[in-house]
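The values are calculated or read from the model by the stated rules, or taken from the named source; none is laboratory data. What you see is a predicted model; the values in this text were computed from it and never measured. Don't worry about glycine lacking a Cβ; one is built from the backbone with ideal geometry, like all the others, and counts go over all protein chains shown. Quick note on the areas: whole protein, heavy atoms, side chains included, nothing else; ligands and nucleic acids left out. Shrake-Rupley method; radii C 1.70, N 1.55, O 1.52, S 1.80 Å.
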Amino acid sequence: MKLSAAFSLLLLAPSAINGFSLNQAKTSAVNSLKSTPFSYSDNLGRRFASGPDMEGGEMQRQSGPPPQNAAPPSQGFGPSVQSKSPEVTVQGGSLKTWAFSSPAVERVQVVLKTEGRPLDADVELWAGPDNTPHKMRVYVENGATRPFNTVVETPRGPNTISVRNIGQLEFPMAAQIDAVSAAGPLGDPERMEGSMTIQGGALRTYPFDPQVDSVQVLLRTDGRPLNARLELLQGPNNNKQVIELYTEDGLDRPFYAIIETPGSGNVVRIVNTATVEFPLTCSIGAYKIGDKNSFDEMQPVISGYGAGGPGRRSGSFS
């Protein structure tokens with residue numbers, strides 16, 4: 001009987017050894033997984049991690065890279081006068097689009113300029129098929145002296161910005177489209193005058209001193225559509241810049257722009273082109289104030305040149 005028991009132990013010994021090795025391997029593998037942190041990223045670019053430092057293996061959020069096309073951190077009010085995005089040339093008669101698929105992008109800056117030639121363009125916001133909630137028709141006499149600079153609200157993405165150069169082939173322009181921070185209000189409330197209501201069909205004019213280099217304009221409604229015409233005048237009926245705009249919801253998608261005002265005698269005229277049932281609210285004020293002390297620096301800009309440049313007129317036509 002002792003021989004049979006010993007023989008049985010000899011037969012069971014290999015399986016016991018193999019079972020012990022397998023259990024030991026499983027235990028070491030589990031311990032290695034517990035001691036090694038791991039991470040993954042979701043579709044918004046957020047990164048999560050788990051490891052021995054996390055109690056109960058609970059998933060905790062870690063700081064990760066911002067999502068693609070996400071707005072940078074807030075750096076004060078409003079956009080910068082010049083965007084940091086690369087310039088894209090839009091030839092006369094052509095169309096360019098910039099798509100923002102991430103819903104994190106809620107505000108986009110649009111800058112259009114030329115090398116000194118006139119600028120004539122259509123800027124649209126596309127939010128789905130056959131849905132254009134924001135339209136702008138822009139004309140600038142000199143795209144180098146007075147570049148067009150605006151901010152378009154893009155809530156509930158994805159959204160696409162469309163820029164069409166409706167000028168001739170001889171008038172190309174450069175476009176810069178970039179996502180900006182949506183934190184905080186549009187513009188600087190401290191520099192803007194009190195809001196003024198402009199009834200449908202009415203107009204308001206705002207003259208500015210020669211020391212003002214640029215002006216910020218904010219137009220909005222209480223949720224109704226917004227139709228307006230914004231003009232920069234320098235002299236009687238001398239339009240330097242004209243913007244015709246439409247927004248389907250002036251509360252959700254207000255209009256904000258920075259208008260360059262070199263020289264003297266600058267007047268901003270705003271016309272509510274809608275009917276009397278659709279009033280709008282206008283807030284306007286200086287954006288940048290320069291130091292113009294000499295007589296020549298305060299002269300109006302003629303033929304698209306600044307003070308001191310070719311074609312300058314200082315009260316003499318000789």
Filter segment 168-185 down to residues that are touching an Asp or Glu at 6+ places or on another chain (Cβ under 9 Å) and open to solvent by less than 20 Å² (accessible area, probe 1.4 Å) and give me whichever is nearest to VAL152 (Cα to Cα). ALA179
Condition set of a type in the set (S, T, N, Q) and modelled with pLDDT of 90 or more, scope segment 186-200, selection most open to solvent (accessible area, probe 1.4 Å): answer is GLN199
Just wondering, is there one or more residues in segment 131-143 that are touching a residue at least 40 places away in the same chain (Cβ under 8 Å), over 18 Å from PHE255 (Cβ atoms) and among the small types (Gly, Ala, Ser)? no
Hey, any hits in segment 201-215 for a residue that's without any contact (Cβ under 8 Å) to a residue 60 or more places away in the chain and open to solvent by less than 10 Å² (accessible area, probe 1.4 Å)? no
Taking segment 232-265 and the residues there that are in a strand (DSSP E or B) and of a type in the set (D, E, K, R), the one that is nearest to ALA144 (Cα to Cα) would be GLU260
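The rows are residues; the columns are (1) under 20 Å from LEU230 (Cβ atoms); (2) at pLDDT below 95; (3) in contact with a strand residue (DSSP E or B) (Cβ under 8 Å, 6 or more places away or on another chain).
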{"site": "GLY116", "(1), (2), (3)": "no, yes, no"}
{"site": "ALA121", "(1), (2), (3)": "yes, no, yes"}
{"site": "GLU124", "(1), (2), (3)": "yes, no, yes"}
{"site": "ASN131", "(1), (2), (3)": "no, yes, no"}
{"site": "VAL140", "(1), (2), (3)": "yes, no, yes"}
{"site": "PHE148", "(1), (2), (3)": "yes, no, yes"}
{"site": "PRO155", "(1), (2), (3)": "no, yes, no"}
{"site": "PRO158", "(1), (2), (3)": "no, yes, yes"}
{"site": "ILE166", "(1), (2), (3)": "yes, no, yes"}
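Would you check which residues across segment 271-293 are basic (Lys, Arg) and in a loop (DSSP other than H, G, I, E, B) and list them? Break it down into steps so the answer makes sense when it comes.
The initial filter retains those residues of segment 271-293 that are basic (Lys, Arg), namely 288, 292.
Across segment 271-293, the qualifying residue is only LYS292.
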Some residue of segment 207-219 being over 27 Å from ASN159 (Cβ atoms), touching a helix residue (DSSP H, G or I) at 6+ places or on another chain (Cβ under 6 Å) and at pLDDT below 95: yes
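Quick one: in segment 179-200, which of the residues that are among the acidic types (Asp, Glu) and in contact (Cβ under 8 Å) with a residue 40 or more places away in the chain is nearest to ARG146 (Cα to Cα)? Outline the logic, then answer.
First pass over segment 179-200, keeping only residues among the acidic types (Asp, Glu): 188, 190, 193.
This time we only want the ones that are in contact (Cβ under 8 Å) with a residue 40 or more places away in the chain, so: 188, 193.
Numbers: ASP188: 21, GLU193: 23 Å.
If we take residues in segment 179-200 being among the acidic types (Asp, Glu) and in contact (Cβ under 8 Å) with a residue 40 or more places away in the chain, then ASP188 is nearest to ARG146 (Cα to Cα).
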Aliphatic (A, V, I, L, M), under 15 Å from the mean Cα position of the chain (by Cα) and either open to solvent by 50 Å² or more (accessible area, probe 1.4 Å) or under 21 Å from ALA179 (Cβ atoms) (or both): does that describe LEU95? no
Can you tell me which condition VAL268 does not meet? The list is (1) assigned to a strand (DSSP E or B); (2) surrounded by fewer than 19 Cβ atoms within 10 Å (Cβ to Cβ), and all the others hold. (2)
Scan segment 121-144 residue by residue and report those that are closer than 16 Å to GLN241 by Cα and either crowded, with 21+ Cβ neighbours inside 10 Å or within 16 Å of the chain's Cα centre (by Cα) (or both). ALA121, VAL123, MET136, VAL138, VAL140, ASN142, GLY143
Scanning segment 146-162 residue by residue, the ones that are under 14 Å from ASP122 (Cα atoms), of a type in the set (A, V, I, L, M) and either open to solvent by 10 Å² or more (accessible area, probe 1.4 Å) or in contact with a Phe, Trp or Tyr (Cβ under 8 Å, 6 or more places away or on another chain) (or both) total 1
